[in-house]
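The values are calculated or read from the model by the stated rules, or taken from the named source; none is laboratory data. Predicted model, so just to flag it, every value in this text is computed and none were measured. Every residue, glycine as well, gets a Cβ built from its backbone with ideal geometry; the counts of neighbours run over all protein chains shown.
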Amino acid sequence: MAFRLTGNHADAQDLVQEVLLRVRRGLVNYRPGSLEGWLSRITTNAFLDEVRRRRRRPTEVLPDDSDARMVSSEDVEATLAAATLPEEIQAALGALPEEFRVAVVLCDVVGLRYDEIAEQLEVPVGTVRSRIHRGRSALRERLR
């Protein structure tokens, strides 16, 4: 889920680390129920917090320096995640505005129901429906 939300391996790893920190802090308040739903909500909220933070403090991309490049190896999870969805679909997902991408990923990749997504995003179910519809329409257009 982290990879689908962020669109790249390094950001997904950072997101998972943040989620694990939040889980550690929140275990005291956890009430038995849907652990998967709880983790999914934490992941979504951490992703949205990071997006908002980046908007407030944009960073400049450093130019590529061929001498300073480091080769990174993909781990098994990233390879599996990349193999699950074709590259063009992953790129199209990454190009969606985050509000549409989050809704589409939670629905079509994670498999949550509309009411669960609405609860996680703290928006009405109608908003979830429209975001998913608009996100899917944008995906369809990009994939043509």
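Numbers below:
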item: Scope segment 124-144; condition modelled with pLDDT under 90 and of a type in the set (A, V, I, L, M); matching residues; result: LEU139, LEU143
item: Hits in segment 20-34 (condition: surrounded by 10 or more Cβ atoms within 10 Å (Cβ to Cβ) and either within 20 Å of the chain's Cα centre (by Cα) or outside any helix (DSSP H, G or I) (or both)); result: LEU20, LEU21, ARG22, VAL23, TYR30, SER34
item: Test: residue in segment 126-143 that is within 13 Å of SER40 (Cβ to Cβ), without any contact (Cβ under 8 Å) to a residue 12 or more places away in the chain and either in contact with a strand residue (DSSP E or B) (Cβ under 8 Å, 6 or more places away or on another chain) or charged (D, E, K, R) (or both); result: no
item: Any hit, segment 68-88, residues being modelled with pLDDT of 75 or more and under 30 Å from GLU141 (Cβ atoms); result: yes
